[in-house]
Amino acid sequence: MQSRQTYLLNMHAAMLDALGPSHWWPGETPFEIVLGAILTQNTNWENVRRALNALRAQNLLSAPALAALDTEELAALIRPAGYYRVKAGRIKNFLRFFEHEAGFDFTVLQALPTPEIRERLLGVNGIGPETADSIALYALDKPTFVVDTYTARIFGRHGQIPEEISYADLQAYFTEALPEDTALFNEFHAQIVRVGKHWCKKKQPQCHRCPLEPFLPL
DNA sequence: CTCCAGTACG
DNA sequence: CGTACGGGAG
């Protein structure tokens, strides 16, 4: 019998061994990470990349530039990401918040206590728990553990959590067991997404040759 | 014809 | 708690 912490850290080590470091959202600016976090809501990352590239081509990957763009033009540019009218509005909501609360300056947000950052982000219409946590972790470098459908599916199939679980309970499963470490949280979530995308598929899981196959219950 | 790093609203 | 939002790819 081992502790949940040991179980999780062994998984983490196994994924690092099999996949190598993820280098997640490394060379991108915090603002581009925020855009990606909103655009990827229930959406394939390839389509998000197309939308980001369309913005990049127009030199629109900065907050002031996007704030000056009207919502309809923004929607047209991010169309490949799907839900484009909804997401254009959500990005605009964030920009309004970002300008008024922080003067388009991420260090202002970064200076706040992590729980308050989360609360403020959740106050923006269109930013829910996963998006808020993704921004806190990957754009602001705060020790926030991000969970998602991949997380629920992988750990559900491994018999660690109930099939139906709330975001808060799923997140607590990790934060109650792991040390509060930004680099660990960053890499762990990245690994979960990679495993979910390539092996722990919704319809046809590829358990054989999955890095987490040894961790399946008997 | 299903599926995808969710969220808000009735 | 059910539904709308959506284009792109397997």
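Per-structure values
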read-out	value
Criterion (buried (at least 18 other Cβ atoms within 10 Å of the Cβ) and within 29 Å of A:ALA68 (Cβ to Cβ)) met by exactly one of A:ALA111, A:ALA102, A:ALA152, A:ALA139	A:ALA139
Failed condition for A:TRP24, given (1) away from DNA strand C (no atom under 16 Å from the Cβ); (2) of a type outside the set (A, V, I, L, M); (3) part of a helix (DSSP H, G or I)	(3)
Near pairs, Cβ below 6 angstrom, 6+ apart or cross-chain, from region A:188-201 (assigned by TED's automatic domain parsing to the domain that holds A:ALA177 and without any contact (Cβ under 8 Å) to a residue 60 or more places away in the chain) to any residue that is buried (at least 19 other Cβ atoms within 10 Å of the Cβ) and of a type in the set (Asp, Glu)	none
Selection status of A:PHE215, under 21 Å from A:LEU9 (Cβ atoms), of a type outside the set (Ser, Thr, Tyr), buried (at least 19 other Cβ atoms within 10 Å of the Cβ) and in contact with a helix residue (DSSP H, G or I) (Cβ under 9 Å, 6 or more places away or on another chain)	no
Residues located in region A:41-82, provided they are on the phi > 0 side of the Ramachandran plot, within 9 Å of DNA strand C (Cβ to nearest atom) and in contact with a helix residue (DSSP H, G or I) (Cβ under 8 Å, 6 or more places away or on another chain)	A:GLY82
Qualifying position, being in contact (Cβ under 8 Å) with a residue 24 or more places away in the chain and within 11 Å of DNA strand B (Cβ to nearest atom), among A:GLN5, A:GLN41	A:GLN41
Lone qualifier among A:LYS142, A:LYS197, A:LYS203 - being within 16 Å of the chain's Cα centre (by Cα), at pLDDT below 95 and among the basic types (Lys, Arg)	A:LYS197
All positions within region A:130-170 that are of a type in the set (Asp, Glu) and within 26 Å of A:VAL108 (Cα to Cα)	A:GLU130, A:ASP133, A:ASP141
Residue count for region A:139-169, restricted to those that are hydrophobic (A, V, I, L, M, F, W, C), in a helix (DSSP H, G or I) and free of Cβ contacts under 8 Å to residues at least 40 places away in the same chain	3
Conditions (1) crowded, with 16+ Cβ neighbours inside 10 Å; (2) within 12 Å of DNA strand C (Cβ to nearest atom); (3) over 27 Å from A:ALA190 (Cα atoms): number failed by A:ARG85	(1)
Matching residues, region A:11-38, being touching a residue at least 12 places away in the same chain (Cβ under 8 Å), surrounded by fewer than 16 Cβ atoms within 10 Å (Cβ to Cβ) and over 17 Å from A:HIS189 (Cβ atoms)	A:ASP17, A:THR29
Some residue of region A:58-74 being surrounded by fewer than 19 Cβ atoms within 10 Å (Cβ to Cβ) and within 16 Å of DNA strand B (Cβ to nearest atom)	yes
Criterion: part of a helix (DSSP H, G or I), free of Cβ contacts under 8 Å to residues at least 24 places away in the same chain and surrounded by 21 or more Cβ atoms within 10 Å (Cβ to Cβ) - qualifying residue of A:ALA172, A:ALA132	A:ALA132
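The values are calculated or read from the model by the stated rules, or taken from the named source; none is laboratory data. From a predicted model like this one, the values you see are computed outputs, not experimental measurements. Positions of Cβ are generated from backbone atoms using ideal geometry, with glycine treated the same way; all protein chains shown enter the neighbour counts.
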